[in-house]
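Here is the structure we will look at.
The values are calculated or read from the model by the stated rules, or taken from the named source; none is laboratory data. Keep in mind that what you see is a predicted model, and the values were worked out from it rather than measured. Using ideal geometry, Cβ is built from the backbone for each residue, glycine included, and neighbour counts are taken over all protein chains shown. What goes into the accessible areas is simple: the full protein's heavy atoms, side chains included, and nothing from ligands, DNA or RNA. Shrake-Rupley method; radii C 1.70, N 1.55, O 1.52, S 1.80 Å.
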Amino acid sequence: MGRWGITLPLTAVPLAEHRDLVRELPDLGYTDVWTAETAGTDAFTPLALVAEWAPELRLGTAIAPVYTRGPGLLAMTAATVAELAPDRFVLGIGTSSPVIVRGWNAQEFTEPYARTRDTLRFLRSAFAGEKVTERYPTFEISKFRLERPPQPPPQVMLAALRPGMLRLARKEADGAITNWLAPSDVPKVRAEVGDGFELVARVFVCPTEDVAAARGLGRLLISSYLTVPVYAAFHDWLGRGDALKPMHDAWAAGDRQRANEVIPDEVVDALIVHGSPERCREIVGQYVESGLDTPVINVLPTGEDPRKVVRALAPE
């Protein structure tokens with residue numbers, strides 16, 4: 001079996017109450033725990049706990065934004081987790097979104113491609129223990145050196161959706177992390193990075209046989225995420241532009257309810273995995289069969305205890 005990841009922490013489960021589940025994950029067949037960073041927990045603190053609770057697991061951030069921490073602080077935070085989990089921590093970085101960067105963190109959101117590239121290059125130097133004095137195109141660093149450079153340095157992966165960032169990941173990073181795609185979309189993304197290069201994707205899973213409930217939740221998520229310009233452009237590239245145009249038109253007109261209603265069932269069913277746990281596992285497996293290396297399940301609420309759901313979705 002290949003990699004099988006889970007997104008933690010789980011919705012509505014206090015962070016400290018994850019311990020028993022995390023300790024079970026390796027025996028259940030999970031290989032990875034990945035975090036996200038929006039307005040809940042930060043991306044790093046849960047991984048510090050997981051490093052102690054289950055030393056067998058690989059840990060990753062998907063993703064830590066390149067704007068919301070200064071480059072030096074980002075390097076320090078990543079180095080701390082890498083020290084706790086040597087050779088088992090992956091730093092996933094990306095641009096995030098204007099809402100999170102500008103609206104919630106009062107930072108400028110400019111030149112996202114260049115800022116990501118420059119941050120990656122700085123991190124490589126910092127993790128190697130170099131004293132960094134460099135004028136990068138998007139920021140300048142003067143005499144920064146990590147006091148505790150991690151040994152070995154962590155892998156760095158890039159959040160990437162479209163060809164430019166995917167190719168940057170292939171050229172300079174250790175892997176690419178993508179999001180909001182169907183199994184049928186994987187070959188198009190894989191073609192941009194080629195074979196022999198790790199491709200990670202978060203997969204939204206709603207293990208319920210209540211189709212209406214799953215689609216209702218799926219529509220809310222799709223209208224929230226895929227109206228963000230970078231995701232809209234991603235799905236234009238994937239070929240869903242026409243199918244999603246009514247949603248975009250309604251959203252632009254301020255009619256949020258209509259925007260949800262006009263998302264076609266086939267789009268929801270392609271992007272949100274739902275059904276029995278057995279069917280969900282089968283569909284997650286289709287991502288792997290299509291060329292994904294590491295599926296990272298993101299459990300959506302069903303009314304069940306999410307810890308029970310994680311156990312039910314285990315590969316073995």
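Between Asp42 and Glu316, the modelled label-to-label distance comes to 3.7 nm, taking each label 7 Å out from Cα in the direction of the beta carbon. Can you tell me which of Pro301, Pro229, Pro207 moves the most in a GNM of the chain? Springs connect C-alpha atoms under 10 Å apart. In the Gaussian network model the winner is Pro229. Can you grab the distance from the C-alpha centre of the stretch 78-131 to the C-alpha centre of the stretch 48-76, Å, no decimals? For the stretch 78-131 versus the stretch 48-76, the Cα centre distance is 10 Å. Database remark: amide H of Val90 closer than 5 angstrom to the amide H of Leu59, Gly60, Thr61 (H placed geometrically; neighbours at sequence offset of 5 or more, or on other chains; Pro and chain starts carry no H). Between Arg102 and Arg279, the C-beta separation translates, for a Förster distance of 45 Å, into a calculated FRET efficiency of about 0.65.
Figure the gain on full extension for Ala16 and Ser224 (residue separation times 0.36 nm, minus the Cα-Cα span) and round it to one decimal in nm.
Values: separation 208, 0.36 × 208 = 74.88 nm, distance 2.92 nm.
So the extension gain works out to 72.0 nm.
Here's the list of aspartates and glutamates a cross-link from Lys171 could span, going by alpha-carbon distance under 15 Å and ignoring same-chain residues fewer than 8 apart: Asp118, Glu192, Asp195, Glu198.
What's the ranking of 231-238, 16-23 by average number of surrounding C-beta atoms within 10 Å, highest first? Mind dumping the intermediate values first?
Values: 231-238: 17.6, 16-23: 15.1.
So the peptides 231-238, 16-23, ranked by packing, come out 231-238, 16-23.
Relative contact order (percent) for the chain, with alpha-carbon contacts under 8 angstrom and 6 or more residues of separation? Mind dumping the intermediate values first?
Values: 554 pairs, mean separation 58.3, N = 316.
The value is 18 percent.
The spacing between the stretch 251-267 and the stretch 134-177, judged by their C-alpha centroids, is 37 Å.
Taking 0.36 nm per residue of separation and subtracting the Cα-Cα distance, what length does fully extending Lys308 through Glu83 add? Write down the numbers at each step before the final one.
Working: separation 225, 0.36 × 225 = 81.00 nm, distance 3.12 nm.
Working it through step by step, the gained length comes to 77.9 nm.
Computed over the chain, the per-residue total of -39500 (n - 2.57) for DSSP H runs of n ≥ 4 gives a 222 nm mean residue ellipticity of -13000 deg cm²/dmol, rounded to 500. Multiplying the residue separation of Arg167 and Arg148 by 0.36 nm and subtracting their alpha-carbon distance yields 3.7 nm. Converting the Cα gyration tensor eigenvalues of the chain into ellipsoid dimensions via √(5λ) gives semi-axes, longest first, of 31, 25, 18 Å. Only protein atoms count toward the accessible area here, which uses a 1.4 Å probe; on the stretch 1-49, the carbon and sulfur part of that area reaches 52 percent.
Taking label positions 7 Å along the Cα-Cβ direction at both Ser184 and Glu289, the computed distance is 1.5 nm, reported to one decimal. Counting Lys and Arg as +1 and Asp and Glu as -1 over every other residue whose Cβ lies under 14 Å from the Cβ of Gly303, the net charge comes to -2.
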